[in-house]
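Q: Here it is, the structure in full.
The values are calculated or read from the model by the stated rules, or taken from the named source; none is laboratory data. Note that this is a predicted model, so its numbers are computed, not measured. Counting neighbours? That spans all protein chains shown, and the Cβs are built from the backbone with ideal geometry, glycine included.
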Amino acid sequence: MRRGTNLPAIGGYNQAVVLDAVRRQGEGLSRSEIATVTGLSAQTVTNVARRLLDLGLIREGGTVIDGPGKPRTLLQLVARGRFAVGVHIDPAVVTAVLLDLEGAVVEQRRVPTPSASDPAVVVDLIARTVDTLIDRSGVDADLVLGIGLASPGPIDVVEGVVLDPPMLPSWRHVRLRQALGEATGLPVLLEKDVTAAAVAELWSSGQAADRRDFAFVYYGTGFGTGLVIGGEPIRGASSNAGDAGHMTVSATGRRCGCGRVGCVGSLITPHELVRRAVEGGVLTGADLSEEARREAVASGDRVDMALIGEAFGVLAERARDGDGGARAIVDDAARHLARAVVVLVNLLDVDTIVFGGPFWDAVGAEVLSVLGPEVRESPALVVKHPIDLAVSAIGADVAAVGAACLVLDHAYSPRPSALLISA
């Protein structure tokens with residue numbers, strides 16, 4: 001069984017601090033500059049740098065002459081010195097990515113989630129996908145730090161348990177972290193998918209210095225929000241922050257599973273939009289198979305999201321092409337989402353909303369053309385500062401990328417106890 005290099009093998013607090021300082025300065029830092037930036041003594045930096053050089057995590061780059069005295073030798077990050085795997089479990093698709101130490105995607109794979117959604121079947125699928133991912137990348141498996149696993153909530157981060165996520169009806173108190181660790185032989189970190197998506201933005205967008213207060217609006221099989229305040233992801237008391245789907249944004253509409261009417265999560269999901277399109281005659285038998293039409297109007301969690309995804313793609317294409325009925329459905333969803341965004345902005349006083357997720361790109365441009373004016377001209381908007389409505393540059397794999405970034409963050413973090421990773 002493969003055994004990756006877990007974080008403790010990299011070494012303690014000072015090594016994480018030095019590695020983080022080198023990573024943040026792309027062109028490299030000299031030992032004296034590291035001492036200045038980190039507050040560590042020159043001797044400590046020298047000792048730590050030697051260990052990081054031996055581990056292959058940094059290298060000595062060029063020299064810089066800056067006035068009289070000995071030239072400075074720069075220490076630079078070795079991007080391919082270690083790697084991290086990120087996996088996102090969605091009711092429609094399992095996505096896996098392999099990232100290097102700079103957060104760049106080295107390899108990626110997407111496979112349909114088994115329709116039965118049996119946890120044991122999905123764990124086996126993930127394990128085989130991770131094996132294939134690493135094999136195809138040509139990366140030495142011993143250089144893989146671990147797996148970050150992004151799952152729909154609610155989750156129990158302490159125990160590594162997925163509790164009872166919507167759209168996965170067979171998943172009740174699944175010890176996913178332990179099961180995947182045993183199946184792969186790698187350390188596994190479990191995180192809620194919307195939080196992972198927000199972390200991906202902090203790491204991979206190049207906006208970490210500018211985006212310190214934002215909400216990530218995640219549009220996948222369901223709707224949720226990842227929250228970042230002061231440059232730090234907000235997880236909440238049980239690491240389940242971000243379940244914004246039950247904000248009431250309409251006095252009418254289909255009754256939500258919670259028993260109320262008008263919950264944003266029940267009004268804007270791909271399944272609901274496809275249902276409206278089929279029931280309203282926007283999508284007919286000429287557009288969809290009979291099987292897809294049956295799934296579109298089905299109720300409850302036991303629907304085939306692969307078929308819903310195909311139907312949603314047809315609806316989105318119709319909306320982009322200017323079909324009146326399709327565009328009306330998408331515009332209506334945009335207005336509902338705008339009301340939820342106003343609540344988020346007022347509540348959190350954030351200045352940026354980032355949109356992304358597996359289903360976002362298909363309808364994002366059409367949604368934002370309506371949502372932008374609705375948010376900025378809303379009489380309910382309290383804050384007076386400008387609001388940036390941005391689209392994630394990462395794409396559909398954002399939650400998987402974020403999950404891998406969390407593993408890398410664990411390696412870099414001067415506060416490793418704040419994250420939970422187990423062998």
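Q: Can you name the residue in the stretch 224-282 that is among the basic types (Lys, Arg) and touching a strand residue (DSSP E or B) at 6+ places or on another chain (Cβ under 9 Å) and is also nearest to ALA362 (Cα to Cα) among such residues?
A: In this case the residue turns out to be ARG254.
Q: Something else: Across the stretch 227-261, what is the number of residues that are over 17 Å from the mean Cα position of the chain (by Cα) and either among the aromatic types (Phe, Trp, Tyr) or not in a loop (DSSP other than H, G, I, E, B) (or both)?
A: Number of matching residues: 3.
Q: At least 2 residues that are in contact with a helix residue (DSSP H, G or I) (Cβ under 7 Å, 6 or more places away or on another chain) and surrounded by fewer than 23 Cβ atoms within 10 Å (Cβ to Cβ) in each: list the strands (runs of 3 or more DSSP E) lying fully within the stretch 73-159 that qualify. Lay out the reasoning, then the answer.
A: Numbers: elements: 83-89, 93-100, 105-112, 144-151.
So the answer is 93-100, 105-112.
Q: In addition: Please indicate, with yes or no, whether at least one residue in the stretch 346-353 is part of a loop (DSSP other than H, G, I, E, B), in contact with a Leu (Cβ under 9 Å, 6 or more places away or on another chain) and closer than 25 Å to ALA400 by Cα. Spell out how you get there, then give the answer.
A: Applying the first criterion (part of a loop (DSSP other than H, G, I, E, B)) to the stretch 346-353 yields 349-351.
From what is left, the residues that are in contact with a Leu (Cβ under 9 Å, 6 or more places away or on another chain) are 350.
With the extra rule that they be closer than 25 Å to ALA400 by Cα, the set shrinks to 350.
Yes, the conditions are met somewhere in the stretch 346-353.
Q: Would a scan of the stretch 359-369 turn up a residue that is in a loop (DSSP other than H, G, I, E, B), within 24 Å of the chain's Cα centre (by Cα) and modelled with pLDDT under 95?
A: yes
Listed here are the residues, each with its yes/no results for (1) in the same structural domain as LEU143 (by TED's automatic domain parsing); (2) under 22 Å from ALA183 (Cβ atoms); (3) modelled with pLDDT of 90 or more.
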site	(1), (2), (3)
GLN15	no, no, no
ALA35	no, no, yes
THR63	no, no, no
GLU102	yes, no, no
PRO112	yes, yes, no
VAL123	yes, yes, yes
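Q: A further question on this structure: Going through the stretch 344-399 one residue at a time, which ones are among the hydroxyl-bearing types (Ser, Thr, Tyr) and over 22 Å from GLU272 (Cβ atoms)?
A: Start the filter on the stretch 344-399 by keeping residues that are among the hydroxyl-bearing types (Ser, Thr, Tyr), which leaves 352, 369, 378, 392.
If the condition is that a residue be among the hydroxyl-bearing types (Ser, Thr, Tyr) and over 22 Å from GLU272 (Cβ atoms), then THR352, SER378, SER392 are the ones that fit.
Q: Right, next: Whether any residue in the stretch 333-341 is without any contact (Cβ under 8 Å) to a residue 24 or more places away in the chain and not in a strand (DSSP E or B) is what I want to check.
A: No: the stretch 333-341 contains no residue that is without any contact (Cβ under 8 Å) to a residue 24 or more places away in the chain and not in a strand (DSSP E or B).
Q: Right, ALA380: closer than 18 Å to TYR219 by Cα, of a type outside the set (S, T, N, Q) and in contact (Cβ under 8 Å) with a residue 40 or more places away in the chain or not? Step through it out loud before you land on a result.
A: Working: closer than 18 Å to TYR219 by Cα: no; of a type outside the set (S, T, N, Q): yes; in contact (Cβ under 8 Å) with a residue 40 or more places away in the chain: yes.
No, not satisfied.
Q: Could you tell me whether ALA396 is of a type in the set (Gly, Ala, Ser) and at pLDDT 95 or above? Don't jump to the end; show me each part of the working.
A: Details: of a type in the set (Gly, Ala, Ser): yes; at pLDDT 95 or above: no.
Here the answer is no, as ALA396 does not meet what is asked.
Q: Suppose we filter GLY364, GLY402, GLY372, GLY356 for residues that are in contact (Cβ under 8 Å) with a residue 12 or more places away in the chain, outside the structural domain of ARG318 (by TED's automatic domain parsing) and not β-branched (Val, Ile, Thr); which single one remains? Walk me through how you get there before you give the answer.
A: On the way: GLY364 fails: outside the structural domain of ARG318 (by TED's automatic domain parsing); GLY372 fails: outside the structural domain of ARG318 (by TED's automatic domain parsing); GLY356 fails: outside the structural domain of ARG318 (by TED's automatic domain parsing).
Only one candidate passes the filter, namely GLY402.
Q: Further question on the same structure: Out of everything in the stretch 277-301 that is at pLDDT below 95 and crowded, with 24+ Cβ neighbours inside 10 Å, what residue ends up being nearest to the chain's Cα centre (by Cα)?
A: ALA296
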